[in-house]
Number of protein chains: 2
Amino acid sequence: MTSKTQTNGATRVALLGFGTVGQAVTRILCSGEIPHVTLTHIFNRNLARKRADWVPASVTWTESVDDILNSDVSVIIELVGGLRPTYDWVKTAIERGKSVVTANKQLMAHYGIELIDLARQHGKEVRFEASVAGGIPVLRALQDGLAGDRLVEVRGILNGTCAYILSRMQTDNMPFADALADAQRLGYAEADPSEDVDGADAAAKLAIIAAVGLRRPVRVADIATRSIRPIEPVDFLYARELGCTIRQIARASAEDDGMVFAAVRPALVPLASAFGRIEGSQNIVTVRGIFGGETSFSGFGAGGSPTAVAVVSDVISVASHQGSAPANGTATTFHKVNGEFVAPHYVRFIVNDKPGIIAQVTAAYARYGINIEGVLQLPKFRRDRLPFVITLEECPESVLDRALAEIAKSDYHVQPPLSLPIFS
Amino acid sequence: MTSKTQTNGATRVALLGFGTVGQAVTRILCSGEIPHVTLTHIFNRNLARKRADWVPASVTWTESVDDILNSDVSVIIELVGGLRPTYDWVKTAIERGKSVVTANKQLMAHYGIELIDLARQHGKEVRFEASVAGGIPVLRALQDGLAGDRLVEVRGILNGTCAYILSRMQTDNMPFADALADAQRLGYAEADPSEDVDGADAAAKLAIIAAVGLRRPVRVADIATRSIRPIEPVDFLYARELGCTIRQIARASAEDDGMVFAAVRPALVPLASAFGRIEGSQNIVTVRGIFGGETSFSGFGAGGSPTAVAVVSDVISVASHQGSAPANGTATTFHKVNGEFVAPHYVRFIVNDKPGIIAQVTAAYARYGINIEGVLQLPKFRRDRLPFVITLEECPESVLDRALAEIAKSDYHVQPPLSLPIFS
């Protein structure tokens, strides 16, 4: 089929959004490296500021999305982001017989199934490799390369901002606020970092991976998230005592009862593990199948260029008709989500020290049937801001939360206890 | 197109070779997990011994390959291995309008381009994901997922037997012969391990990856290989002093002059690097593109099940017409190969010690214009079997080899010097 497409001449492509990724996509499409694909239109608001002279004169610039939707292009690349008005633009594009390639994780996490079904009805495609892990072709791998397996679990470090902040805190013994400020200065974090550090970004990516990999779509809103903001340098100190570091982990698994376990939160991971060694803006995704065991994919998830490569690869796939709708395309129902980690836990307290605190805490755990695995208290801390850690054997997070709510009522806490699951 | 295929009913598939992988493929195809694909025939010699009662009665067993070639199946899975008569069977199958899925690295490394062209002429496909890295869908990733980049380098640990032997030597301070014996006992190595430990297996895989990823096919015979046999436990001791370990590395890069660098040999890699941490039967492939930078894929390369998953994934791809010929399919010329590593080197000597040896060796290096980076001599070794190491700044391997040939003439060597490139 490739040769057929090629003899029919180049595929005409339009670009929505000339930001960092859009510019990188344009450079690749205009590099001469990509035959049979021609960029004909670029849409962006405020062209007076955006127009770039290195773009071939043959490309039509426009501030009107209708110029694109009314054009004869067969593929639209959507890099504007957000849900509105992007959703309406993509829907209209499909209804007018255009395939869509997007890096918009929120759009695909919220409306992916609907848009994929709509595209199938029109014999078109929606492709979204770039929406998940930048330069790592993980959706392609899950959907096609591992099609012969049934995947039951996906685990990932999917947010480069958190990976950067947490590795800075780990290596430079730096408070969260300072690491965040550095990330913002270097362009790794937004002015408002909430979507990254509080987990919404990773949750959207996890929803897409669960739909494609586990073939069980879930609502993003159902994915429990916890922020990395409460983590302090002392937590890396104690984590190291346990042979671990701290990363934001996104995890989803297909449960036998048809439910999906899905959650995003900071967790302890072994320093020696692949997850513990992920740094800077790297991403990693590990999947487990019932036949093939574990497979890992890692690479640079952030940055314009790796994401642009994913976008262009999808465009080539659509242009050569290699692509097909994701394996989950026919699944139109959302699966129920269970967000509770049953795992060993790390709980860090910072107290104004006085006799009997550990006795009180351990007694409270006992009342909730939670078994203590160990107690850690490093020397040389101020007694009025004394950090110590209690590690717990496997227990449901909800039970632990109730125990901690009771423990937190005592007057000796300088700040609320912090609990993190420990992943082996 | 998927739905169309599905309404047309199941794709009929025949299996050649009911060994470990063939049995794993059969289990997956008969598991009920794979709709729209039906296994109808199994060919194997000596069925009296091979026939398995857990295979559905609907499957026809045969000892005659003609029964398969004359059948109405549309896909043939070739798991017999070897070049003859497999090549003739696959060619005939394609000429009779059947697509072929194979795990046969030697077949694809030697005849891949010819068979892919033949398949295209007949509107059929040859797919061979399982021929390279078992459970890691790396060919799919290179060919489709990174199609938007131009890949210029691939590096990999592609042979599970060497990975196992070298990690056993590293962790248990074990001689090569003992680690090999263990690998053979555990089924990780053949009775004749030459193809694995001397590099032919990795060279065949590298040839396939270079053709698909770099789009520059090379002849397997042109890929320089060196054996891991000369490596001794003491080399891991010295490597650790340099923060490194030793692995069999397969590496290919596209040179600006149109040539391809391609070689397979043991090398020093940093302990902290992804390559240094690969153990047991794991594989890793790292690719570098001009746009997207580095991407890594790792997983379990050996074993029946991961390989079977790759085979079945290819069958599903062919059955649903998702697949297309590899990106290199149109390249019919072989590229020239340069097998010379220009790299810093580790050279280990074992000598019957006497005064002036290091002076002689360093003088010889000087005559060949090779700069010495450092000299390492650990204490507590017998003076009549004294190992020491000289590390060299970047130099062409051919120059180093000439220098070592001269140095080796001296009478104080207990065994020939061993040189290994150092990869950072």
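The values are calculated or read from the model by the stated rules, or taken from the named source; none is laboratory data. Source: prediction; values computed, not measured. We place every Cβ from the backbone using ideal geometry, glycine too, and count neighbours over all the protein chains shown. For the accessible areas, the whole protein counts, side chains as well, though only heavy atoms, and no ligand, DNA or RNA atoms are used. Shrake-Rupley method; radii C 1.70, N 1.55, O 1.52, S 1.80 Å.
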Original post:
Inside the stretch A:192-204, can you point out the residues that are charged (D, E, K, R) and buried (at least 23 other Cβ atoms within 10 Å of the Cβ)?
Top reply: A:196, A:201
Subject >> Residues satisfying the stated conditions in the stretch B:1-36, i.e. at pLDDT 95 or above and within 19 Å of residue B:97 (Cα to Cα) >> reply: B:12, B:13, B:14, B:15, B:16
Subject >> Some residue of the stretch A:88-107 being in contact (Cβ under 8 Å) with a residue 60 or more places away in the chain, over 28 Å from the mean Cα position of the chain (by Cα) and within 14 Å of another protein chain (Cβ to nearest Cβ) >> reply: no
Original post:
Does the stretch B:394-406 include one or more residues that are part of a strand (DSSP E or B) and open to solvent by less than 60 Å² (accessible area, probe 1.4 Å)?
Top reply: yes
**OP:** Could you please let me know if residue A:389 is in a strand (DSSP E or B) and out of contact with any His (no Cβ under 9 Å at 6 or more places or on another chain)?
**Re:** yes
**OP:** Have a look at B:183, B:189, B:207, B:179 and point out the one that is in contact (Cβ under 8 Å) with a residue 12 or more places away in the chain, open to solvent by less than 20 Å² (accessible area, probe 1.4 Å), assigned to a helix (DSSP H, G or I) and under 29 Å from residue B:140 (Cα atoms).
**Re:** B:207
**OP:** May I ask you to list the residues in the stretch B:21-59 that are in a helix (DSSP H, G or I) and polar (S, T, N, Q)?
**Re:** B:23, B:26
**OP:** State whether one or more residues within the stretch B:157-169 are assigned to a strand (DSSP E or B) and either farther than 19 Å from residue B:65 by Cβ or at pLDDT 95 or above (or both).
**Re:** yes
**OP:** Go through the stretch B:136-152 and give me each residue that's touching a Leu at 6+ places or on another chain (Cβ under 8 Å) and either under 18 Å from residue A:138 (Cα atoms) or among the acidic types (Asp, Glu) (or both).
**Re:** B:137, B:142, B:151
Original post:
Among (1) out of contact with any Ser or Thr (no Cβ under 8 Å at 6 or more places or on another chain); (2) in a helix (DSSP H, G or I); (3) under 30 Å from residue B:293 (Cβ atoms), where does residue A:131 come up short?
Top reply: (1)
Subject >> Checklist (1) at pLDDT 95 or above; (2) touching a helix residue (DSSP H, G or I) at 6+ places or on another chain (Cβ under 9 Å) applied to residue A:177, failing item >> reply: (2)
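Quick grid of which residues meet (1) buried (at least 24 other Cβ atoms within 10 Å of the Cβ); (2) in the same structural domain as residue A:25 (by TED's automatic domain parsing); (3) among the hydrophobic types (A, V, I, L, M, F, W, C):
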{"position": "A:77", "(1), (2), (3)": "yes, yes, yes"}
{"position": "A:81", "(1), (2), (3)": "no, yes, no"}
{"position": "A:85", "(1), (2), (3)": "no, yes, no"}
{"position": "A:99", "(1), (2), (3)": "yes, yes, no"}
{"position": "A:106", "(1), (2), (3)": "no, yes, no"}
{"position": "A:114", "(1), (2), (3)": "no, yes, no"}
Original post:
What are the residues in the stretch B:368-403 that are closer than 27 Å to residue B:155 by Cα, in contact (Cβ under 8 Å) with a residue 24 or more places away in the chain and not β-branched (Val, Ile, Thr), if any?
Top reply: B:371, B:373, B:392, B:393, B:394, B:395, B:396, B:397, B:398, B:400, B:402
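Residue-wise test of (1) out of contact with any Gly (no Cβ under 9 Å at 6 or more places or on another chain); (2) surrounded by 16 or more Cβ atoms within 10 Å (Cβ to Cβ).
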site	(1), (2)
B:32	yes, no
B:38	no, yes
B:41	yes, yes
B:50	no, yes
B:53	yes, no
B:56	yes, no
B:64	yes, no
B:68	yes, yes
B:71	yes, yes
Subject >> Hits in the stretch B:246-297 (condition: within 14 Å of chain A (Cβ to nearest Cβ) and within 19 Å of residue B:196 (Cβ to Cβ)) >> reply: B:275, B:278, B:279, B:280, B:281, B:282, B:283, B:284, B:285
Original post:
Being facing chain B (nearest Cβ under 8 Å), over 18 Å from the mean Cα position of the chain (by Cα) and part of a helix (DSSP H, G or I), is that true of even one residue in the stretch A:135-148?
Top reply: yes
Original post:
Any idea which of (1) of a type in the set (A, V, I, L, M, F, W, C); (2) within 26 Å of residue A:111 (Cβ to Cβ); (3) under 15 Å from the mean Cα position of the chain (by Cα) is the one residue A:214 doesn't satisfy?
Top reply: (3)
Original post:
Has the stretch A:409-418 got at least one residue that is part of a helix (DSSP H, G or I), surrounded by 15 or more Cβ atoms within 10 Å (Cβ to Cβ) and either at pLDDT 95 or above or among the hydrophobic types (A, V, I, L, M, F, W, C) (or both)?
Top reply: no
Subject >> Residue ID - modelled with the lowest pLDDT, chosen from residues in the stretch B:316-341 that are more than 11 Å from every other protein chain (Cβ to nearest Cβ) and surrounded by fewer than 20 Cβ atoms within 10 Å (Cβ to Cβ) >> reply: B:331
